[in-house]
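Structure, as structure tokens:
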Amino acid sequence: MEAKRPFDVLNGSLNKDVIIKIKGGIELRGRMVAYDVHMNLVLENTEQLENGEVKRKLGTMLLRGDSVIFISPYIP
Amino acid sequence: MEAKRPFDVLNGSLNKDVIIKIKGGIELRGRMVAYDVHMNLVLENTEQLENGEVKRKLGTMLLRGDSVIFISPYIP
Amino acid sequence: MEAKRPFDVLNGSLNKDVIIKIKGGIELRGRMVAYDVHMNLVLENTEQLENGEVKRKLGTMLLRGDSVIFISPYIP
Amino acid sequence: MEAKRPFDVLNGSLNKDVIIKIKGGIELRGRMVAYDVHMNLVLENTEQLENGEVKRKLGTMLLRGDSVIFISPYIP
Amino acid sequence: MEAKRPFDVLNGSLNKDVIIKIKGGIELRGRMVAYDVHMNLVLENTEQLENGEVKRKLGTMLLRGDSVIFISPYIP
Amino acid sequence: MEAKRPFDVLNGSLNKDVIIKIKGGIELRGRMVAYDVHMNLVLENTEQLENGEVKRKLGTMLLRGDSVIFISPYIP
Amino acid sequence: MEAKRPFDVLNGSLNKDVIIKIKGGIELRGRMVAYDVHMNLVLENTEQLENGEVKRKLGTMLLRGDSVIFISPYIP
């Protein structure tokens with residue numbers, strides 16, 4: 001990856017699976033289908049993870065950017 | 001869903017049931033009848049959930065956007 | 001209710017009893033007699049609730065908007 | 001009281017005793033002698049309360065507005 | 001004191017001892033020798049207090065305004 | 001190092017390994033390949049550390065700047 | 001010291017050792033070699049302290065200003 005700016009990671013992850021750590025210790029995995037400048041994200045087929053295991057299926061969601069700690073492309 | 005921008009999820013959820021996770025670990029389910037650019041939301045027939053069970057009925061409410069972690073269309 | 005925007009709920013609740021959840025887990029019930037764009041609110045005959053019971057009478061108060069989680073019309 | 005705007009409560013409380021709940025669970029009682037648009041307040045003869053009892057005398061203070069949860073006229 | 005605006009308390013406390021409560025429950029006492037519009041403060045001969053006793057000497061410090069809860073002129 | 005401005009440290013760390021402390025007590029080590037004015041960072045080969053030991057491999061990530069406490073060039 | 005403005009303390013501490021208290025209860029000691037208007041700081045030879053003892057050596061770091069509680073010139 002030749003990232004020039006942080007948002008390039010978001011753009012490069014469109015329609016791909018990502019792992020997202022959010023405040024409060026929650027971890028999510030889902031397909032990122034949209035984002036905006038506030039890092040608000042739309043995820044599809046979202047699953048809440050616990051120690052790498054699926055704890056709960058959450059489907060489509062709009063995640064507020066200010067809840068995000070980090071976003072990581074998912075490599076199975 | 002062909003979401004182009006995060007707020008499309010809000011618009012697509014108007015007058016439909018949504019699950020909302022808010023800060024402090026509270027989870028709500030209700031019909032979203034209005035929203036604004038701050039993600040302030042109006043919910044009707046709102047219920048507070050605990051492990052997927054209805055814990056308490058809260059009726060209509062105005063929920064402040066900065067309390068929201070994520071919003072998810074509800075699929076029964 | 002035909003809410004078009006979130007603040008319509010505030011306007012429709014003027015001079016009526018509301019339930020307000022604020023940060024820190026406190027719940028209040030009182031008559032809302034004023035609000036502004038920051039969601040700062042004036043409540044009268046305010047009572048602090050605990051599990052639906054009146055814990056303490058607080059009378060008139062100015063509540064800062066950034067403490068608010070949600071506001072709900074009170075239905076006795 | 002015929003409050004039209006939340007700050008009318010502040011203005012109407014000038015030179016009167018108020019109860020103030022601040023973040024961190026602290027409660028204060030004192031005479032409010034000044035305020036500004038940020039809700040920064042000047043209190044005189046301030047006392048820290050615990051369960052309605054005076055725990056400590058704090059005299060004059062400048063209280064930062066962003067610490068305030070609510071302000072209530074004190075009725076002895 | 002005839003405070004007209006909250007910052008008058010800061011101005012009136014220049015080169016005098018003050019008690020400052022900061023977030024996280026810490027209490028400081030020191031001579032305030034400078035402040036700015038963000039309530040950033042410079043204190044000299046600062047001491048950290050615990051239940052009114054000196055716990056630790058901290059000397060000169062620049063204290064960030066957003067850490068401040070309240071500032072009180074010190075009366076020995 | 002002759003740092004004139006804080007962001008010089010970021011620029012000087014491009015394509016080098018850094019240790020990052022983020023809110024919530026988490027510590028990360030990875031190669032920083034991009035940053036922006038908000039201190040949003042892109043890390044590659046990121047590892048989560050615990051007491052200096054690798055706890056988990058996280059690969060590439062976009063880390064939100066407002067989660068950062070400090071960034072330190074990594075010296076093996 | 002004749003500080004006229006809080007940032008004079010920062011300027012007067014350039015290339016000198018400082019003690020810094022940051023949010024989360026962490027205390028650092030290091031040589032401050034740069035700062036900006038957000039109080040972002042560059043420290044060199046940074047050490048994390050615990051009860052005045054060196055707990056860990058951290059070397060050079062960029063510390064985000066919004067993590068800072070106070071900065072104090074270090075007097076050995």
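The values are calculated or read from the model by the stated rules, or taken from the named source; none is laboratory data. In this text, all values refer to a predicted model and were calculated from it rather than measured experimentally. Note that we place each Cβ from the backbone using ideal geometry, even for glycine, and neighbour counts take in every protein chain shown. To get the accessible areas, we keep the full protein, side chains included, count just its heavy atoms, and leave off ligands, DNA and RNA. Shrake-Rupley method; radii C 1.70, N 1.55, O 1.52, S 1.80 Å.
Do the conditions hold for residue E:54, that is, is it hydrophobic (A, V, I, L, M, F, W, C), open to solvent by 20 Å² or more (accessible area, probe 1.4 Å), out of contact with any Leu (no Cβ under 9 Å at 6 or more places or on another chain) and not in a strand (DSSP E or B)?
Taking the combined requirement at face value, the residue does not satisfy it.
Within the stretch B:29-76, being facing chain C (nearest Cβ under 8 Å) and over 29 Å from residue C:37 (Cβ atoms) holds for no residue. Between C:59, C:52, C:24, the distinction of being touching a Ser or Thr at 6+ places or on another chain (Cβ under 7 Å) and of a type outside the set (A, V, I, L, M) belongs to C:59 only.
In this structure, residue E:30 does not qualify as within 18 Å of residue G:71 (Cβ to Cβ), of a type in the set (Gly, Ala, Ser) and part of a loop (DSSP other than H, G, I, E, B). Only a single criterion out of (1) outside any strand (DSSP E or B); (2) touching a strand residue (DSSP E or B) at 6+ places or on another chain (Cβ under 8 Å) is not satisfied by residue G:38, namely (2). Filtered by the rule that a residue be β-branched (Val, Ile, Thr) and out of contact with any Phe, Trp or Tyr (no Cβ under 8 Å at 6 or more places or on another chain), the stretch B:1-21 gives a lone residue, B:9. Checking each residue in the stretch D:1-21 for being at pLDDT 90 or above, outside any helix (DSSP H, G or I) and crowded, with 16+ Cβ neighbours inside 10 Å picks out D:13, D:17, D:18, D:19, D:20, D:21.
When D:24, D:59 are checked against the criterion of being at pLDDT below 95 and open to solvent by 40 Å² or more (accessible area, probe 1.4 Å), D:24 stands alone in meeting it. Go through the residues of the stretch D:64-74 one by one and say whether even a single one is open to solvent by less than 50 Å² (accessible area, probe 1.4 Å) and in contact with a His (Cβ under 6 Å, 6 or more places away or on another chain). There is at least one residue in the stretch D:64-74 that is open to solvent by less than 50 Å² (accessible area, probe 1.4 Å) and in contact with a His (Cβ under 6 Å, 6 or more places away or on another chain).
One line per residue, one yes/no per condition, for (1) in contact with a helix residue (DSSP H, G or I) (Cβ under 6 Å, 6 or more places away or on another chain); (2) touching a residue at least 40 places away in the same chain (Cβ under 8 Å); (3) of a type in the set (Val, Ile, Thr):
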| residue | (1), (2), (3) |
| --- | --- |
| D:9 | no, yes, yes |
| D:19 | no, yes, yes |
| D:28 | no, no, no |
| D:37 | no, no, yes |
| D:45 | no, no, no |
| D:48 | no, no, no |
| D:52 | no, no, no |
| D:65 | no, no, no |
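Residue under question is residue B:72, and the condition is that it be small (Gly, Ala, Ser) and touching a Phe, Trp or Tyr at 6+ places or on another chain (Cβ under 8 Å); does it hold? The answer is no for residue B:72.
Of everything in the stretch B:35-45 that is modelled with pLDDT of 95 or more and farther than 17 Å from residue C:68 by Cα, the residue that is surrounded by the most Cβ atoms within 10 Å (Cβ to Cβ) is B:44.
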